[in-house]
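In what follows, a structure is listed as structure tokens, so that the remarks can point back to it.
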Amino acid sequence: MNAPILPPPTHRPLIQTFAMMSPGQQAAMRRIASHEDAQVPQIEATRPASIFTSQERYDLEQTHIFQKRAVPLAISALIAEPGTAMGHESTGIPLIISRDKGGQVHVFVNACQHKGAKLLETCDVVKTGRLSCPYHAWTFGVDGKLIGVPRPETFINLDKSKRNLLELPSREQGGIIWVMLDRHAEPDFSSLVPELGEDLDALDLATAHVYGRKTFDVQANWKLVLEPFLEGYHVQRLHASTVGPLYADVPNVVDKLGPTLRQISGKLNFTPNDLDLPDENIHKTVTTVYNLFPSGVIITSPWYISVMILHPRAPDRTIVDYHNLTRVAPDNPKAEALYKTSYDMVLDVFGNEDYRAATISHAGLATGALETVVYSGLEATVPIYYDVLESYLPL
């Protein structure tokens, strides 16, 4: 059973320090070398270009990964309050995500059990104790139970207990809601290993403030959208006029947490002694990226955390739900200005640089001009990710 989300503390520190990180995060940060000592691995790695353009490969991934295993769906912070619900359309399946009065999260197919009409026609979060169908006003609780039918005497032998909303298996871990999209598949939440939960709990994702969110419709294969967040080779090139100058051209410290990859790197002027500075904002010193298997990304920044959830819709189309989380809501003009500047900047970097790079890469690969793509030592995490991904496919 999912544990209820606790309300955020009244006096939460505005920054996180090294001491606030999980033991796993701390150990990984201790392994970051000084930039002058960092060794770029020498690798020889390629992948067929067809893994990005082939309908057959896309179908294999859908069948053996996105339908058979739990995938990240949304962030807990969106519906942290009991008695809330929201529509969700990004997977291509109309869904409702709700939190009942006891704090339990549910994921339902957004279809009234009378004639299938959508109960929620918005993806905004609503505070409600019940969901009423706009067609014939059948009413359901946020726990999915059918609680009201107009003119029930006109139905013969209607058993309301057999007309509850269709619920998909789901779980929460570390502030992320995971779901089984195929209700006929055996639920598999094996990717949610304890080490991942400990890391994400240390980041306080579940009780963060959702400062902003935006959905992007990217005309590219989902793996091309994911790749920039698996490597640092592009940072000083693609982001040369934005965030590139903040980072060094060195490899990350990479660990597997189940099938999820954790990447940790020091900022431009990082030295190992920085970790021992008292009261230092650890996210100014170190960037941590989680590639939530198979299709989520979490990136730490000094004043906010980015959470992206990728929803493949076709070999050449990906819906990206982006969330900008801050530790607390802004309560003064200075804080609001800081958060707004950060939010506008990251939307520009991701939308006009990273997602654009995926789009133009897909356009080039779709021409058939390349038989393979090749990866450098600064992209060594990409083939590691594909090794994990392909271990689930009958290749």
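If the requirement is being in contact with a Phe, Trp or Tyr (Cβ under 7 Å, 6 or more places away or on another chain) and closer than 29 Å to Ser191 by Cα, which of these qualifies: Leu224, Leu268, Leu257?
The unique qualifying residue is Leu224.
I'd like the residue in the range 60-76 that is touching a Ser or Thr at 6+ places or on another chain (Cβ under 7 Å) and open to solvent by less than 20 Å² (accessible area, probe 1.4 Å) and, out of all such residues, is nearest to Gly296 (Cα to Cα).
The selected residue is Pro72.
Pairs needed: first member in the range 179-192, under 13 Å from Leu166 (Cα atoms); second member anywhere, open to solvent by 80 Å² or more (accessible area, probe 1.4 Å); C-beta distance under 7 Å; at least 6 residues apart or different chains.
So the pair list comes out as Asp182/Lys68.
Looking at (1) small (Gly, Ala, Ser); (2) closer than 13 Å to Glu227 by Cβ; (3) open to solvent by less than 30 Å² (accessible area, probe 1.4 Å), which one does Gly351 not meet, given that it meets all the others?
(2)
Hey, could you check the range 258-279 for residues that are assigned to a loop (DSSP other than H, G, I, E, B) and among the aliphatic types (A, V, I, L, M) and say which is modelled with the highest pLDDT?
Within the range 258-279, the match that is modelled with the highest pLDDT is Leu277.
Quick one: Gln173 ticks every box in (1) closer than 18 Å to Val307 by Cα; (2) open to solvent by 10 Å² or more (accessible area, probe 1.4 Å); (3) touching a residue at least 60 places away in the same chain (Cβ under 8 Å) except a single one, so which number is it?
Going through the list (1) closer than 18 Å to Val307 by Cα; (2) open to solvent by 10 Å² or more (accessible area, probe 1.4 Å); (3) touching a residue at least 60 places away in the same chain (Cβ under 8 Å), Gln173 breaks only (3).
What's the number of the condition Gln219 fails, among (1) closer than 30 Å to Pro13 by Cα; (2) in contact with a helix residue (DSSP H, G or I) (Cβ under 6 Å, 6 or more places away or on another chain)?
Failed condition: (1).
If I filter the range 196-214 for residues that are open to solvent by 20 Å² or more (accessible area, probe 1.4 Å), assigned to a loop (DSSP other than H, G, I, E, B) and over 30 Å from His283 (Cα atoms), do I get at least one hit?
No, the range 196-214 contains no residue that is open to solvent by 20 Å² or more (accessible area, probe 1.4 Å), assigned to a loop (DSSP other than H, G, I, E, B) and over 30 Å from His283 (Cα atoms).
Select from the range 102-155 the residues that are of a type in the set (Val, Ile, Thr) and under 28 Å from Asp321 (Cβ atoms) and list them in ascending order.
Val105, Val107, Val109, Thr122, Val125, Val126, Thr128, Val142, listed by residue number.
Does Pro272 qualify as being more than 23 Å from the chain's Cα centre (by Cα), open to solvent by 20 Å² or more (accessible area, probe 1.4 Å) and touching a residue at least 40 places away in the same chain (Cβ under 8 Å)?
yes
Filter the range 113-139 down to residues that are over 28 Å from the mean Cα position of the chain (by Cα) and in contact (Cβ under 8 Å) with a residue 40 or more places away in the chain and give me whichever is surrounded by the fewest Cβ atoms within 10 Å (Cβ to Cβ).
Ranking the candidates gives His114 first.
Could you check the range 288-314 and list, in sequence order, the residues that are among the aromatic types (Phe, Trp, Tyr) and open to solvent by 10 Å² or more (accessible area, probe 1.4 Å)?
Once the filter is applied, which keeps residues that are among the aromatic types (Phe, Trp, Tyr) and open to solvent by 10 Å² or more (accessible area, probe 1.4 Å), the range 288-314 yields Trp303, Tyr304.
So Glu153 clears everything in (1) at pLDDT below 95; (2) in contact with a strand residue (DSSP E or B) (Cβ under 6 Å, 6 or more places away or on another chain) except one condition, right? Which one?
(2)
Could you give every pair whose Cβ atoms fall below 8 Å, whose first residue belongs to the range 28-44 and is over 20 Å from Thr288 (Cβ atoms), and whose second residue is polar (S, T, N, Q), counting only separations of at least 6 or pairs across chains?
Within 8 Å, the pairs are Ile43/Ser376.
Please report, ordered by residue number, the strands (runs of 3 or more DSSP E) entirely within the range 4-121 with at least 3 residues that are not hydrophobic (A, V, I, L, M, F, W, C).
45-48, 84-88
Of the residues that make up the range 358-367, is at least one in a loop (DSSP other than H, G, I, E, B), touching a residue at least 12 places away in the same chain (Cβ under 8 Å), open to solvent by 50 Å² or more (accessible area, probe 1.4 Å) and farther than 21 Å from Glu44 by Cβ?
Taking every residue of the range 358-367 in turn, at least one turns out to be in a loop (DSSP other than H, G, I, E, B), touching a residue at least 12 places away in the same chain (Cβ under 8 Å), open to solvent by 50 Å² or more (accessible area, probe 1.4 Å) and farther than 21 Å from Glu44 by Cβ.
Conditions first: (1) of a type in the set (S, T, N, Q); (2) closer than 23 Å to His184 by Cα; (3) touching a strand residue (DSSP E or B) at 6+ places or on another chain (Cβ under 6 Å). Ser132 passes all but one, so which condition is the exception?
(2) is the only condition that Ser132 fails.
Spot the failing condition for Gly266; the list is (1) open to solvent by less than 10 Å² (accessible area, probe 1.4 Å); (2) under 14 Å from the mean Cα position of the chain (by Cα), and only one is missed.
Looking at each condition in turn, Gly266 falls short on (2).
Going by the structure shown, is Leu181 hydrophobic (A, V, I, L, M, F, W, C), closer than 21 Å to Ile96 by Cβ and outside any helix (DSSP H, G or I)?
yes
Please state which one of Tyr385, Tyr322, Tyr339, Tyr392 is aromatic (Phe, Trp, Tyr) and part of a strand (DSSP E or B).
Tyr322
Quick check on this structure: which one of Thr318, Thr326, Thr285 is of a type in the set (S, T, N, Q), surrounded by 20 or more Cβ atoms within 10 Å (Cβ to Cβ) and closer than 24 Å to Asn252 by Cα?
Thr285
Within the set of pairs 6+ apart or on separate chains, which have a first residue in the range 330-345 that is exposed (fewer than 15 other Cβ atoms within 10 Å of the Cβ), a second that is outside any helix (DSSP H, G or I), and C-beta atoms under 6 Å apart?
Here the result reads Glu336/Pro330, each pair linking the range 330-345 to a residue that is outside any helix (DSSP H, G or I).
The values are calculated or read from the model by the stated rules, or taken from the named source; none is laboratory data. Owing to the predicted nature of the structure, the values given are computational and were not obtained by experimental measurement. Every residue, glycine among them, receives a Cβ derived from its backbone with ideal geometry; neighbour counts consider all protein chains shown. For accessibility, only protein heavy atoms count, side chains too; no ligands or nucleic acids. Shrake-Rupley method; radii C 1.70, N 1.55, O 1.52, S 1.80 Å.
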